[in-house]
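K.L.:
One structure follows; several queries about it will come next.
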Amino acid sequence: MKILVTGGLGFIGSHTAVELQNAGFEVIIIDDCSNSSEKVLDGITSITGITPLFEKMDLRDKSEVQRFFKKHSDIEGVIHFAASKAVGESVEKPLLYYENNLNTLIYILQEILKLKYSNIIFSSSCTVYGQADTMPITEDAPVKPAESPYGNTKQIGEEIIRDTCKVTPNLQAISLRYFNPMGAHSSAMIGELPVGVPQNLVPFITQTGVGLREQLSVFGDDYPTPDGTCIRDYIHVVDLAKAHVVAMKRILNKNNKENYEVFNVGTGSGSTVLEVISSFEKVSKKSLNYKIVGRRDGDIISAYADTTKANKELNWKAESSLDQAMKSAWDWEIKIRS
Ligand code: WQD
């Protein structure tokens with residue numbers, strides 16, 4: 001079975017391509033390499049022994065998207081990762097984000113509806129919940145007004161798919177709402193490659209640990225949490241990748257209950273920033289240079305998933321602990337700097 005992975009050279013996409021190949025699927029990757037590198041293909045190949053088909057293309061080009069799907073009309077499912085993901089940049093360049101993240105989704109939906117199989121998994125985000133009123137967060141928690149154009153593209157993306165599913169019984173879709181992905185493949189052949197100064201906690205920690213950054217700023221220690229720092233649900237990227245494979249199998253095997261479904265993908269437990277730092281110190285046996293600074297604008301206090309629905313319906317559960325995920329992130333950081 002041929003599965004298209006858009007953005008398949010990116011952080012989550014590349015790990016998903018590996019897990020799809022491990023599960024016996026044939027993978028085709030589309031990526032524009034704007035935030036990734038063709039070298040990632042070598043990493044995928046060295047892990048699985050199979051080089052996925054690859055087309056470098058810009059999904060904003062509608063005629064290119066049409067050409068691609070005409071050529072590959074035997075695609076049975078699409079996992080759509082390709083998107084811009086920098087929250088801060090999205091505030092500066094809203095139109096770029098709406099174009100990149102929504103036009104591409106619309107073009108893909110238009111084309112897969114012409115195929116024999118119209119199956120899609122969409123990369124959504126826990127950002128749709130904003131600061132949820134109760135923890136852990138279930139899929140029924142209300143979607144809050146987005147804090148950024150990036151977050152809004154995830155909300156609107158979900159709505160585009162839901163509305164299309166309503167009038168198109170042939171279309172089978174699942175949105176996966178990711179919590180905080182981290183880590184790397186255990187082989188250290190693929191991992192996260194942030195461009196410039198990392199905005200996310202874990203790559204900033206590992207880059208500080210390896211000496212690339214001088215000091216980590218911890219944004220606020222006066223939140224109403226046990227140690228005063230924010231709580232997030234950090235999920236190993238390989239566990240997240242596996243969730244995509246089971247979600248795709250669910251729709252391919254017609255085990256889905258409705259033609260549009262939503263699942264949280266997290267571990268179900270939250271960690272504070274200071275707990276993440278101590279996990280790093282434990283697995284790296286290094287002490288991290290950090291200091292507490294003021295709160296970061298837009299940060300929510302706490303977000304962790306209720307994963308009951310994914311556990312039951314997808315028969316999927318995150319397997320890695322925070323320490324295991326951190327060890328893989330650290331091994332990867334050391335590997336790319338050596
Ligand atoms: C985690 C915690 C920071 C950096 C991200 C995406 C968001 C969504 C979920 C995809 C927070 C603290 C961070 C640093 C710090 N993903 N921190 N010092 O904010 O949960 O959101 O994941 O859709 O869109 O942006 O993740 O890694 O930035 O922050 O103290 O240098 O670490 O304040 O509490 P966040 P993050």
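K.L.:
Read phi for every residue in segment 107-118 and hand back ³J(HN,Hα) as whole Hz from Karplus 6.51 cos²θ - 1.76 cosθ + 1.60, θ = phi - 60°, with x for Gly and Pro.
P.N.:
Here the 3J(HN,Hα) series is 4, 5, 4, 4, 7, 6, 5, 8, 8, 5, 10, 10 Hz.
K.L.:
If packing is taken as the mean number of other Cβ atoms within 10 Å per residue, what is the order of 197-204, 14-21, highest first?
P.N.:
Details: 197-204: 17.8, 14-21: 27.2.
Taking the mean over residues of other Cβ atoms within 10 Å, the ranking is 14-21, 197-204.
K.L.:
Also: Taking the radius of gyration and the Kirkwood hydrodynamic radius from Cα positions alone, what is the Rg/Rh ratio for segment 292-333, to two decimal places? Don't skip to the end; give the middle numbers.
P.N.:
Working: Rg = 15.4 Å, Rh = 13.6 Å.
My calculation of the ratio gives 1.13.
K.L.:
Determine the distance separating the Cα centre of segment 1-40 from the Cα centre of segment 165-235; give it in Å without decimals.
P.N.:
Using only Cα atoms to place each centre, the spacing works out to 19 Å.
K.L.:
Convex hull volume of the Cα atoms in the chain, per residue, in Å³?
P.N.:
Normalising the Cα hull of the chain by residue number yields 124 Å³.
K.L.:
Next question. I want to make sure I understand the PRE zone here: with the label point 7 angstrom from the Cα of residue 249 toward its beta carbon, which residues in segment 73-99 have backbone N atoms less than 18 Å away?
P.N.:
Inside the label zone: 76-79.
K.L.:
Quick one: Karplus J couplings for segment 53-62, per residue in order, coefficients 6.51, -1.76, 1.60, θ = phi - 60°, nearest Hz, x for Gly and Pro?
P.N.:
So the Karplus estimates, Gly and Pro as x, are 4, 9, 10, 7, 7, 9, 5, 6, 8, 4 Hz.
K.L.:
On a 0 to 90 degree scale, rounded to 10, what angle separates helix 237-252 from the longest Cα axis of the chain?
P.N.:
Tilt of helix 237-252: around 20 degrees.
K.L.:
Along the charge dipole of segment 81-179, pointing to its positive end and built from +1/-1 on Cβ of Lys, Arg, Asp and Glu, which listed residue (149, 117, 104) has its Cα farthest out?
P.N.:
117
K.L.:
Still on this structure: Suppose every Lys and Arg Cβ carries +1 and every Asp and Glu Cβ carries -1, with no other charges. What dipole size does segment 219-338 come out with about its Cα centre, to the nearest 20 debye?
P.N.:
Roughly 520 debye for segment 219-338.
K.L.:
At q = 0.23, 0.24 Å⁻¹, what is the log10 ratio I(q)/I(0) for segment 204-257, with the Debye formula run over Cα points and no solvent?
P.N.:
With one equal scatterer per Cα and no solvent, log10 I(q)/I(0) is -0.93, -0.96.
K.L.:
Oh, and also: Could you tell me whether segment 81-188 comes out rounded, prolate or oblate from its Cα gyration tensor? Rule is a ≥ b ≥ c as square roots of the eigenvalues, rounded for a/c under 1.5, then prolate if a/b exceeds b/c, otherwise oblate. Write out the running numbers ahead of the final one.
P.N.:
Details: a/c = 1.37, a/b = 1.33, b/c = 1.03.
The shape class here is rounded.
K.L.:
Beyond a 19 Å Cα-Cα separation, which of these cross-linked pairs lie in this structure: 39/286; 71/116; 166/249?
P.N.:
Details: 39/286 30 Å; 71/116 14 Å; 166/249 21 Å.
Distance filter (> 19 Å) returns 39/286; 166/249.
K.L.:
Tell me the mean residue ellipticity at 222 nm calculated for the chain from its helices only (DSSP H runs of n ≥ 4, each -39500 (n - 2.57), averaged over every residue, nearest 500).
P.N.:
Numbers: 11 runs with 123 residues, N = 338.
After summing the helix terms and dividing by the residues of the chain, the value is -11000 deg cm²/dmol.
K.L.:
Still on this structure: Count neighbours as other Cβ atoms within 10 Å of each site's Cβ, and list the GluC sites (Glu not before Pro) in segment 152-221 that are DSSP loop with at most 10 such neighbours. All intermediate terms of the calculation are to be shown ahead of the outcome.
P.N.:
Working: sites: 158, 159, 192, 214; in loops: 192, 214.
Of the GluC sites (Glu not before Pro), the ones in loops of segment 152-221 whose Cβ has at most 10 other Cβ atoms within 10 Å are 214.
K.L.:
Test of the criteria: in segment 7-100, which trypsin sites (Lys or Arg not before Pro) are in a DSSP loop and have at most 13 other Cβ atoms within 10 angstrom of their Cβ?
P.N.:
On the way: sites: 39, 56, 60, 62, 67, 70, 71, 85; in loops: 39, 60, 85.
Here the trypsin sites (Lys or Arg not before Pro) that fit, given the DSSP loop and packing criteria, are 39.
K.L.:
By the gyration tensor of its Cα atoms, with a ≥ b ≥ c the square roots of the eigenvalues, what is the shape of segment 244-338: rounded for a/c under 1.5, prolate for a/b over b/c, or oblate?
P.N.:
Numbers: a/c = 2.84, a/b = 1.79, b/c = 1.59.
It is prolate, given that a/c is not under 1.5 and a/b is the larger ratio.
K.L.:
From the cross-link list 154/242; 85/312; 56/312; 291/327; 93/327, which pairs have alpha carbons spaced over 32 Å apart? Spell out each step's value before the answer.
P.N.:
Working: 154/242 21 Å; 85/312 30 Å; 56/312 37 Å; 291/327 22 Å; 93/327 35 Å.
As for pairs spanning more than 32 Å Cα to Cα, those are 56/312; 93/327.
K.L.:
To the nearest 20 debye, what charge dipole does the chain have about its Cα centre, counting +1 at the Cβ of each Lys and Arg and -1 at the Cβ of each Asp and Glu?
P.N.:
Numbers: 36 positive and 42 negative charges, 129 e Å.
Around 620 debye, computed over the chain.
K.L.:
Considering only 35, 135, 68, whose Cα is most displaced toward the positive end of the charge dipole of the chain, charges sitting on Cβ of Lys, Arg (+1) and Asp, Glu (-1)?
P.N.:
68
K.L.:
How about segment 39-123: which chymotrypsin sites (Phe, Trp or Tyr not before Pro) there are in a DSSP loop, with at most 11 other Cβ atoms within 10 Å of their Cβ? Before the final figure, lay out the partial values.
P.N.:
Working: sites: 54, 68, 69, 81, 97, 98, 107, 117, 122; in loops: 81, 117.
Those that pass, being in a loop and sparsely packed, number zero.
K.L.:
Next up: Placing +1 on the Cβ of each Lys and Arg and -1 on the Cβ of each Asp and Glu in the chain, which of 126, 13, 210 has its Cα farthest towards the positive end of the resulting dipole?
P.N.:
Checking the options against the dipole of the chain, the answer is 13.
Read-outs: derived from the displayed coordinates by stated rules, not from any lab. Since the model is a prediction, treat every value here as computed from it, not as a measurement. In this analysis, Cβ positions are derived from the backbone assuming ideal geometry, glycine residues included, and neighbour counts consider all displayed protein chains.
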